[in-house]
Amino acid sequence: MTKKISHLGIAVESIEAAAPYYRDILGMAFEGTEVVAEQKVRVAFFVVGESRIELLEPTDENSPVARFLAKNGSGIHHVAYEVVDLAAELARLKAAGVRLVDEVPRLGAHGARIAFLHPQASGGVLTELCQPAGG
Ligand code: ZN
């Protein structure tokens, strides 16, 4: 089942330009950046309590995040919930008729297994389920 909010994903044009707000103004610990090749994004994580802020910067104009930015500008892109067993959770949701973007887990940042649910399932909020590496 859903354990907690893992992170909020925020689409930005530039991590370098956005990072000082989270690190210096809000005082969140910066965890570093990572390229997630499969999603054509570079991500940066900031710690806030037991959750994270994930900044998403497209590395390619065909990235889904680049399309999001072109349509909406920068802002909240998705909400990610941590789950214990992602494969089991996807099977349960599929059986319940929830529309999935990813029917099988794929690789996200930090070696986590992730899957997106269609925004239609949640009133317009793109939802990510996330099972941490080793979790
Ligand atoms: Zn995410």
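Taken as Cα centroids, region 78-135 and region 42-60 sit 17 Å apart, rounded to the nearest whole angstrom.
Of all aspartates and glutamates in the structure, those lying under 19 Å Cα to Cα from LYS40, and not within fewer than 8 positions of it along the same chain, are GLU13, GLU16, GLU54, GLU57, ASP60, GLU61, ASP102, GLU128. Using θ = phi - 60° in the Karplus curve 6.51 cos²θ - 1.76 cosθ + 1.60, the 3J(HN,Hα) couplings for region 88-101 round to 5, 5, 5, 5, 5, 5, 4, 5, 7, x, 6, 6, 10, 7 Hz; x is entered for Gly and Pro.
Of the GluC sites (Glu not before Pro) found in region 1-101, those in coil by DSSP whose Cβ has at most 11 other Cβ atoms within 10 Å are GLU50, GLU61. Loop-only trypsin sites (Lys or Arg not before Pro) in region 54-135, please: DSSP not H, G, I, E or B, and at most 15 other Cβ atoms within 10 Å. Taking region 54-135 and a limit of 15 other Cβ atoms within 10 Å, the loop trypsin sites (Lys or Arg not before Pro) found are ARG99.
Where a number appears in this text, it was derived from the coordinates with a stated rule and is not lab data. Quantities reported herein were computed from a predicted structural model and do not represent experimental measurements. Ideal geometry is used to build each Cβ from the backbone, glycine not excepted, and the neighbour counts take in all protein chains shown.
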